[in-house]
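Asker: Supplied in structure tokens, the structure appears directly below.
The values are calculated or read from the model by the stated rules, or taken from the named source; none is laboratory data. Model, not experiment: these values are computed from the prediction. Quick reminder, even Gly has a Cβ in these numbers, built from the backbone with ideal geometry, and neighbours come from all protein chains shown. All accessible areas refer to the heavy atoms of the entire protein, side chains included, with ligands and DNA or RNA removed. Shrake-Rupley method; radii C 1.70, N 1.55, O 1.52, S 1.80 Å.
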Amino acid sequence: MPHYLKRLMKLLLGLFLYALGIVVSMKANLGFAPWEVFHYGLGKTIDLTIGTVSILVGLIICLCAVWMGEKIGLGTILNMILIGVFMDLLLMLSFIPEVNGLIMGIIMIITGLFIISFGSYFYIASGFGAGPRDSLMVALQRKTGLPVGLCRGFLEGTVVLIGWLLGGPVGLGTVLAAFGIGFCIQTVFVIMKFDATSVKHETLNATRKYFMSLYSKNQ
């Protein structure tokens with residue numbers, strides 16, 4: 001049980017860091033990161049908060065990842081829900097200041113990307129299933145055999161184009177994020193000596209069986 005709790009804490013830490021990194025990059029005031037350009041543009045179109053749109057888009061991407069052969073776990077579900085919730089909460093609290101100026105903006109963007117990358121590492125490494133977007137990234141890597149950073153960069157470039165067409169805020173920060181996220185994730189994974197494709201993720205059914213076994217032992 002202590003090992004299981006440690007994994008859960010790693011998962012929750014990763015999800016919070018991911019949301020924090022997104023908000024930090026948004027506060028750089030140089031244009032949103034690719035997925036947020038898409039979420040904001042779509043939210044503006046259908047009149048929903050960026051966090052709510054993030055949850056809905058995560059659900060759709062999750063279904064695509066399953067179709068491509070990725071496993072769904074507790075982490076996938078919590079990622080789909082909690083990142084959007086954490087984003088709306090962090091934006092509501094407004095304790096991360098919005099910066100002005102090119103240099104500070106670039107520093108904020110890079111900081112946000114590395115926070116996102118460490119968030120990805122923690123929640124993927126927890127083994128509860130990668131989040132929808134990372135599941136799609138890993139699935140694409142499996143299918144193509146290309147480096148994980150290149151796969152992530154391709155996905156980021158695609159969504160930023162769609163988001164821009166929907167009216168999302170695009171700027172220098174968007175370009176830095178689109179081309180930098182793959183590098184940052186690759187760098188963090190190398191530093192942590194982590195291969196995302198080697199993780200044996202626990203499915204929802206396995207998690208259910210584990211908790212049922214704990215319940216049976218306590219009866």
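Asker: Let a ≥ b ≥ c be the square roots of the eigenvalues of the Cα gyration tensor of segment 1-115; is it rounded (a/c under 1.5), or, if not, prolate (a/b larger than b/c) or oblate?
Answerer: On the way: a/c = 2.04, a/b = 1.36, b/c = 1.50.
It is oblate, given that a/c is not under 1.5 and a/b is not larger than b/c.
Asker: Quantify, in whole percent, the carbon and sulfur part of the accessible surface of the chain (1.4 Å probe; protein heavy atoms only).
Answerer: 73
Asker: Could you tell me which label, among [x] 29, 19, 17; [y] 32, 19, 15; [z] 24, 21, 19, carries the value of semi-axes √(5λ) of the Cα gyration tensor in Å calculated for this structure?
Answerer: After the calculation, the listed value that fits is [x].
Asker: Measuring from centroid to centroid over Cα atoms, what is the spacing of segment 126-144 and segment 35-100 in Å?
Answerer: 16
Asker: Counting only protein chains, not ligands or nucleic acids, how are HIS39, HIS3 ordered by accessible area (probe 1.4 Å), most first?
Answerer: The most accessible residue leads, giving HIS3, HIS39.
Asker: Can I ask one more? For helix 148-165, what angle does its Cα long axis make with the longest principal axis of the chain, in degrees from 0 to 90 and rounded to 10?
Answerer: Approximately 50 degrees, to the nearest 10.
Asker: As a test question: what accessible area, to the nearest 10 Å², does LEU166 have when a 1.4 Å probe is rolled over all protein chains in place?
Answerer: So the heavy atoms of LEU166 present about 60 Å² to solvent.
Asker: If you don't mind, there's one more thing I want to ask. Using a simple charge model, +1 on the beta-carbon of Lys and Arg, -1 on the beta-carbon of Asp and Glu, nothing else, what dipole does the chain show about its Cα centre, in debye to the nearest 20? Walk me through the numbers on the way to the answer.
Answerer: Values: 15 positive and 9 negative charges, 166 e Å.
Its charge dipole is roughly 800 debye.
Asker: Along the positive direction of the dipole of the chain (beta-carbon charges: Lys, Arg +1; Asp, Glu -1; about the Cα centre), which of GLY145, LEU176, THR187 reaches farthest?
Answerer: GLY145
Asker: Per residue, how much accessible surface does the chain expose to a 1.4 Å probe? Answer in Å², no decimals.
Answerer: 49
Asker: Give me the dipole magnitude in Debye, nearest 20, for segment 95-219 about the Cα centre, with unit charges on the beta carbon: positive for Lys and Arg, negative for Asp and Glu.
Answerer: Details: 9 positive and 5 negative charges, 117 e Å.
Here the size comes out at about 560 debye.
Asker: For SER198, SER213, SER135, what's the largest-to-smallest order of accessible area, 1.4 Å probe?
Answerer: Details: SER198 70, SER213 45, SER135 5 Å².
Order by accessible area, largest first: SER198, SER213, SER135.
Asker: Given the protein chains as shown and a 1.4 Å probe, how many square angstrom of ILE115 are accessible, to the nearest 10?
Answerer: 40
Asker: Give the aspartates and glutamates whose C-alpha is closer than 15 Å to that of LYS143, dropping any in the same chain fewer than 8 places away, or say none.
Answerer: Excluding near neighbours in sequence, the set is GLU70, ASP134.
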